[in-house]
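What follows is a set of notes on a single structure, which appears directly below.
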Amino acid sequence: MGVALTRSMQWSAAGHGTRTLEVTPLNEAILTEIVMFVESFIYKHPQEAKYVFVEPLEWKTNLDPSAFGSGYIVSETTVNSEDVDKNGQPLLFLSVPQIKIRSFGQLSRFLFIAKSTKLKEAQACIEANRNPVAKILGLDYKVIDEISEDSSVLSILDKITKDDDPASETKMKIAMLLKQLDLHLLNHTLKHISLEIRLNPGTFKNDIELLKRFSGKGKQTVLEFIDYTSDYEFSNGCRAPPWRQLRGEICYVLVKPHDAEILCVTCSKEGVFLNGGKTDDEEEVNYERTGEIYKDLVTLLREKSAIFSENMSKQKVRVNEGQQKEKDQPDETPRKREDATLRKASTASHRSALESSRINLGKKQMTKRLEPSLNWKSTVDAKGKRSSVRDTQGGKHGGRLEKPRPSILPGIAQFRKSVQKVEDIISDSASESEEDEEPSERRKEANADLPSEYWQIQKLVKYLKRGNQTATVIALCSMKDFKLAQETCQLAIRNVGGLEVLINLLETDEVKCQIGSLQILKEISHNPQIRRNIVELGGLPVMVNILDSPFKCLKCLAAETIANVAKFRRARRAVRRHGGITKLVALLDHEQNATEPAYSSLYETEDVELARCGALALWSCSKSNGNKEAIRKTGGIHLLAQLLKTSHENMLIPVVGTLQECASEENCRAAIKAERIIENLVKNLNSENEQLQEHCAMAIYQCAEDEETRHLMRQHGGLKPLASLLSETDNKERLAAVTGAIWKCSISKENTTKFRKYKAIETLVGLLTDQPEEVLVNVVGALGECCQEQENRVIIRKCGGIQPLVKLLVGTNQALLVNVTKAVGACAVEPESMMIIDSLDGVRLLWSLLKNPHPEVKASAAWALCPCIQNAKDAGEMVRSFIGGLELVVSLLKSDNKEVLASVCAAITNIAKDQENLAIITDYGVVPLLSKIANTTNDKLRQHLAEAISRCCMWGRNREAFGEHRAVGLLVRYLKSNDTNVHRTTAQALYQLSEDADNCITMHENGAVKLLLDMIGSSDHDLQEAAAGCISNIRRKGACSHEMNSTSVLLYHEPPHTPLEPAVQQKHKTSHCLI
Amino acid sequence: MNRKKLQKLTDSLTKNSKHSPGPSFYVLPLNLPTPGTSFNKSEVKCLISLFYNLVGDVTERQGVVIGLDRNAFRNILHVTFGMTDDMTMDRVFRGFDKDNDGCVSVTEWVCGLSVFLRGTLEEKMKYCFEVFDLNGDGFISKEEMFHMLKNSLLKQPSEEDPDEGVKDLVEITLKKMDRDHDGKLSVADYEQAVREETLLLEAFGPCLPDPKSQMEFEAQVFKDPHEFSEM
């Protein structure tokens, strides 16, 4: 027992306190065994049951004294057994919650009483008594456990035979019994462990990759998504941090099934279980186990998601179709068999068997991917069947089947033969189902399980390597007949070393070989892995060189292949480094292409095709910023603009696509504007091709950041097609692009007027519901811009647009929230709309967005609040009704984001219009906070800050307080800004502050008078008035304080002031006259 | 050869020629339906002068056909167009030598080169098929294929049956091109396969100039008609 307890049971590694047992299936099994042993002890060994332990087993129990019945003396908190030892001590003594038991008899009874909780009690007992054997038999026997098993029994016997005490005889018997139990437990755990295949990173990786392939949107997939929590993979294949790897944890996975919440799953060597989850704001995963342990990911997911299990079995049923002999669980059975074989096999064969099972997994997915193809489908299906038969068969026929013989014989006859052969095997298998087999045979099978294409391709690659030009061309042509779009073939070509040969062929002078090779590379480079391999093998420079070839056909193919390969950053950079961009741009040059002499008519293609391929490659490349710049520098934008004038739809898509990518760069946008591309984009918006429309709209979206472009859009009549595309909502990508274009275009007032004319605003409001977020962001952005106009606001209100807008305030998408708050804020300018917003509780929603972690959202929400507070009825009361709202606003003044600060200042200005609220925010310390941020050069912030300060001056001692917090001197500096808005609000703030004499002195000291004098000359009446009032205050109060303090600080301090005085008074008068 | 004759010959061989070919010195082969070639006048001139240049100073005698014999022609194919395979070169010679008189006359030279260099796909397919159809029975049989492909694979000493790869290659080709599954390639089979996959035009060995040497040849020959005479 001791050995089993110490070695087999899984103790939690918690560092402090008593160690506890982990809840694992293994521990549970051991505990059950122990409980069974103890329970039956009283019947099986009545003599030994009376034996009194040397030391009592003592632990904390949850059992209530009332549970004990006859045979016990029960009081409220204690229980004594009626059985007593020689000294009259009770064998069971319970004093809540401690329990002491001193015999097996009592232990048995106790477990009976415990009933459903006996497992827990047993666990508590074992946790509290780490070495029960020692307590039962005495310290002498404790050592036994340390001695090897064989000798220990003997030593006990030795010990016992020495004394002939009858007590020691029972003791010996018990010792033997315990020893037996220990052995039994060890065997049991061994069985248990062998049942579980220890999982390794490889298996998980495979499973996760496989599941990933089957994940995605839509009902057919098994999961919505599955992903690792961490991108970093250690060299041993684990992704868990090292200190967790110590516990056998391998990686953590986030899984979103169709019908459940996101699950955070720990994959460890012992199995798979749910952990505490990963929270958004924390990087760390909560590692604590929260669920049961499953043997693998699939089993766990089956348990958690019904849709997963359903769709998963669909995938598998497809593979197993056509098997007559199948049982209820078509996929579980082979697994079990495999487990069974695993147990038998040696460690070496373990690995190979695992591998073969992995290949089977892969095959399931292969067969799924295989579309009906001309030549190979039937054979592959047959292979699928064959291999699944072999799974259930346990590979007994492995030897007979051998490798699938590479067959090149054409025609149906041979194919029929192979089907027949397979059928034979199936009927064979129905009669025999033995699972005895040799592990070595299995290993062979790992190879045999490869699809037939693999062997065929391997052979062709051999001919490619060994053949002369003629043989090479034949092999290339034959290879092209494979379904190169299928991953099976793509990977087969790579795995047999075909990529090297193909790339090698590109470097030869043989045009035909180059063409054939490129045709294949073009197809297989749709696969991301192959792309990377091509780049690693140095394929890109070779292809870039081919772009110089005199044969247009070759150029086209090379460009198309580059277009496929350059889908990732390193490849794009390689294209640029090898001068590919210049060459690709040259392909776009229509006129130059036409002048080039045509050599061999067989390898010619049209110049349009050449330009199309060039544009395609540039499109891929233009996703990198460096390439955008390179395209622009080599005059690509100009050539693209030329091509845009043509009407070949096939070519227009990559051309517009490239332009759209380039348009994200400032310089490129300028070039695009200079090339007058907008006109042609508008023309193509009217095309029939949805993809073309989408890319045009995207390009406009990018370009319309620019004022001039927006005007061009209007002038070329581009707004109408945009508005009409809005009504076609089926193609979401296009809709997103179109709404994006409308959003950016509507930044110009004139454009919104146009949109109103085209009834676009009504349509936009209609799009506020049931659209994906990408569309919503743009729609709301567009509405926000439109709302800047009174008439549009009315339209939105009348179409019922405010309700959906307010509803969107509860979303989580940052970009969307920024736009929604802006739109709601714009609507709130209108009192009638404001009423609706208020009735929908929109202000509260806006207010709670102030807590959003993204500063942009915060700022936008704060801006939106300003018109709300302005236009709401009983605004003061409303604001106060938000519990903690004012405190929140004031605390936002601690932000370090200028935009947030400016917006919050604006909000405070509005809040402070209500005296009571002003009092509250003053209590929250608004004055020191405002003073603290006063030291800024940001004009927007200055403007709103000054306004907020002037509002806040209206309460109590705030004027003096601002002075004490040194805000006054800083404010005076604002007058040196170039922004008149800043001047006005600052002058007003100073005017308010100048009611306090000390502030007047500070102002004067900081040279405010001269600056204010200049302001009086301004044409802005408010500014004039405030400046004049301020100067007047400085004169009066300052002089007054001067007299009081007898300090010569004021006007006479500086000589230049004296001659100015009459002027001041005069201007002062005039400004007062003006009012 | 006098100037007048030369003029007439040139005209008759020129593209879109309005003159019908004079029967006295130009017998139109029956299997070449279009009179004239794909060359323009100066190109024809260049080729004719190249021809006489290659033939050398053989005085024109009545009854003796002036032309390039097999060896001379093969030499040209080898040096100028980089062809190496003996059998293919023989077949190309036969392709040029329409009247089967053992030498390529000036007309056959120009007409042959017309297909050779500038032929349309149709012309080239016809030409190539003739080259590949070794026994001229209108079919390319397995044996013929094997014969033509037998040197196309690098022999590996370790292999038991050195011909297995070639046999396999023949099977691959048949599978790809034999549309009616009769185990041999008819003209129809061949043409259909080539139309789908131009690369298969020279499926059984290069019998057309490779684009590169063609470019060089054209550049050299058509650049200056007098250059060759000086050589």
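The values are calculated or read from the model by the stated rules, or taken from the named source; none is laboratory data. Predicted model only: the values in this text are computed from it and were never measured. Virtual Cβ from ideal backbone geometry, glycine too; neighbours counted across all protein chains shown.
What residue, of A:794, A:820, A:824, A:843, is surrounded by fewer than 24 Cβ atoms within 10 Å (Cβ to Cβ), out of contact with any Lys or Arg (no Cβ under 6 Å at 6 or more places or on another chain) and of a type in the set (Val, Ile, Thr)? A:794 is the lone residue from the list that is surrounded by fewer than 24 Cβ atoms within 10 Å (Cβ to Cβ), out of contact with any Lys or Arg (no Cβ under 6 Å at 6 or more places or on another chain) and of a type in the set (Val, Ile, Thr).
The set of residues in region A:631-668 that are crowded, with 24+ Cβ neighbours inside 10 Å and among the β-branched types (Val, Ile, Thr) comprises A:631, A:637, A:655, A:656, A:658. List the helices (runs of 4 or more DSSP H) that sit entirely inside region A:650-707 and contain at least 2 residues that are within 18 Å of residue A:732 (Cβ to Cβ). In region A:650-707, A:690-703 are the helices (runs of 4 or more DSSP H) which contain 2 or more residues that are within 18 Å of residue A:732 (Cβ to Cβ).
For region A:492-551, the set of residues classified as within 14 Å of chain B (Cβ to nearest Cβ), polar (S, T, N, Q) and not in a loop (DSSP other than H, G, I, E, B) consists of A:514, A:517, A:519, listed by residue number.
Set side by side, the residues B:164, B:160, B:218 differ, and just one is at pLDDT below 85, assigned by TED's automatic domain parsing to the domain that holds residue B:79 and not basic (Lys, Arg), which is B:218. Listed by position, the helices (runs of 4 or more DSSP H) contained in region A:955-1017 that have at least 2 residues being farther than 19 Å from residue A:944 by Cα are A:958-964, A:997-1005, A:1008-1016. Taken over region B:180-194, the criterion of being within 12 Å of chain A (Cβ to nearest Cβ) and in a helix (DSSP H, G or I) is satisfied by B:193, B:194. When you check residue A:631 against the structure, is it assigned to a helix (DSSP H, G or I) and over 27 Å from residue A:526 (Cβ atoms), yes or no? Against the criterion (assigned to a helix (DSSP H, G or I) and over 27 Å from residue A:526 (Cβ atoms)), residue A:631 does not qualify.
For region B:195-217, a tally of residues being more than 8 Å from chain A (Cβ to nearest Cβ), in contact (Cβ under 8 Å) with a residue 40 or more places away in the chain and part of a helix (DSSP H, G or I) returns 3. For region A:72-101, filtering for residues that are farther than 16 Å from residue A:49 by Cα and in a loop (DSSP other than H, G, I, E, B) leaves 8. With respect to the conditions (1) modelled with pLDDT of 80 or more; (2) more than 23 Å from residue A:133 (Cα to Cα); (3) of a type outside the set (Asp, Glu); (4) loosely packed, with under 14 Cβ neighbours inside 10 Å, residue A:40 falls short on a single one, namely (2).
Only one residue in A:825, A:800, A:876 is small (Gly, Ala, Ser) and in contact with a Leu (Cβ under 9 Å, 6 or more places away or on another chain), so which one is that? It would help to see each step written out before you state the result.
Numbers: A:800 fails: in contact with a Leu (Cβ under 9 Å, 6 or more places away or on another chain); A:876 fails: in contact with a Leu (Cβ under 9 Å, 6 or more places away or on another chain).
Going through A:825, A:800, A:876 in turn, the sole match is A:825.
Only one entry in A:150, A:145 is modelled with pLDDT under 55, under 59 Å from the mean Cα position of the chain (by Cα) and either exposed (fewer than 13 other Cβ atoms within 10 Å of the Cβ) or of a type outside the set (D, E, K, R) (or both), namely A:150. Looking at the structure I just gave you, is residue B:106 within 14 Å of another protein chain (Cβ to nearest Cβ), within 25 Å of residue B:54 (Cβ to Cβ) and touching a residue at least 24 places away in the same chain (Cβ under 8 Å)? Here the answer is no, as residue B:106 does not meet what is asked.
Yes or no, residue by residue, for (1) of a type in the set (Gly, Ala, Ser); (2) facing chain A (nearest Cβ under 10 Å):
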| position | (1), (2) |
| --- | --- |
| B:119 | yes, yes |
| B:122 | no, no |
| B:135 | no, no |
| B:138 | yes, no |
| B:150 | no, no |
| B:163 | no, no |
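Let's see how each residue does on (1) basic (Lys, Arg); (2) part of a helix (DSSP H, G or I); (3) at pLDDT below 80:
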{"residue": "A:178", "(1), (2), (3)": "no, yes, no"}
{"residue": "A:188", "(1), (2), (3)": "no, yes, yes"}
{"residue": "A:191", "(1), (2), (3)": "yes, yes, yes"}
{"residue": "A:198", "(1), (2), (3)": "yes, no, yes"}
{"residue": "A:206", "(1), (2), (3)": "no, yes, no"}
{"residue": "A:209", "(1), (2), (3)": "no, yes, no"}
{"residue": "A:227", "(1), (2), (3)": "no, no, no"}
{"residue": "A:239", "(1), (2), (3)": "yes, no, no"}
{"residue": "A:247", "(1), (2), (3)": "yes, no, yes"}
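Please go through region A:872-885 and pick out each residue that is under 15 Å from residue A:861 (Cβ atoms), in a helix (DSSP H, G or I) and of a type in the set (A, V, I, L, M, F, W, C).
Passing the criteria: only A:879.
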